[in-house]
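Data first, discussion second: the structure below is written as structure tokens.
Nothing in this text is a laboratory measurement; each read-out follows from the coordinates by a stated rule. Because the structure is predicted, anything quoted here is derived from the model rather than measured. Cβ atoms come from the backbone with ideal geometry, glycine included; neighbour counts cover every protein chain shown.
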Amino acid sequence: MTRPLRALFPRVPAAERETVAVRRRRRRVVAVTAVTGAGLLGVSLSTVPGSPRFYRLTTATATTWIAGSLLSGPLHLGRSVGHGDRLRRPVLVPALLGVAVFVPFYGCALVCRGIPPLNRMLTSVLAYAHRGSNGPVLATTLLNGAAEEVFFRGALYAAIAGPTAPITVSTATYVLATTATRNPMLVAASAVLGTVFAVQRHATGGIQASMITHLVWSTLMLRFLPPLFPPPPHPDGSP
């Protein structure tokens, strides 16, 4: 088997071979967490951007993903195949992938800027970046990005049996949870990102790779997209 294929199908640590009882318990916890987290996500993105309630709800959403994941059972960081076929923690490649995934998203944003309905959808989402202070916005964005990986590519992925079914099911659940935001642009993005992150989880056997990619992508999106979609002025004329 060539090295690229070995990277996609590495040796899975024995700790990930869970018993039926452990998997059943994980599934119960994951089901409750998924419903609760999706509900909080939808409510948080219906609040006033930059308001204290928005930050409380987004923090509660991230806390729900993480707490449910930890209660469901053990999580694994994963490994990738390095030089000499040695297994190591993935860092550089996931970071570069985060940049690579950002580029087409930025290109699509440039196109959407000229299409009024899509422009309004993106402006609505990015209002949370414009109206909040940069530090808290970045912190909550990265916290929720990491929490999503812990849950969707961690606990949820581990709760699904089969060699490739976890990729499909975890991605579909990620998309379904994102529909709570009622924003088609976010739902479409979750389908693309969910697939990328799930394949990373499959390739490495853990959540570290997808988490790094997600955080790099989120940081770049938060840095470069808001200037493309300035928010409309307030009725009193303030920005």
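Data overview
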item	result
Contour excess over end-to-end distance, with Cα ends at residue 46 and residue 103 and 0.36 nm allotted per residue	17.7 nm
Charge dipole of the chain about the Cα centre (unit charges at C-beta), most positive-ward option of 44, 30, 102	30
Theoretical gain in end-to-end length, residue 63 to residue 138 [0.36 nm per residue, Cα-Cα removed]	25.4 nm
Per-pair calculated FRET efficiency, R0 = 35 Å: residue 164 and residue 53 via Cβ, rounded to 0.05	0.30
Helix axis angle, 184-204 relative to the chain longest principal axis, alpha carbon, degrees	20
Extreme residue, positive dipole direction of the range 67-160, given options 126, 69, 93 (C-beta unit charges)	93
Orientation-averaged projected area, Cα convex hull of the chain (nm²)	13.5
Taking the chain and dividing mean pair separation by its residue count, relative contact order in percent (alpha carbons under 8 Å, at least six apart)	31
Between helix 92-112 and the chain: long-axis angle, C-alpha atoms, 0 to 90°, nearest 10	40
Label-to-label distance, nm, for residues given as residue 192 and residue 22 (7 Å Cα→Cβ offset)	3.6
Nearest 10 degrees, 0 to 90: helix 52-72 Cα axis against the chain principal axis	10
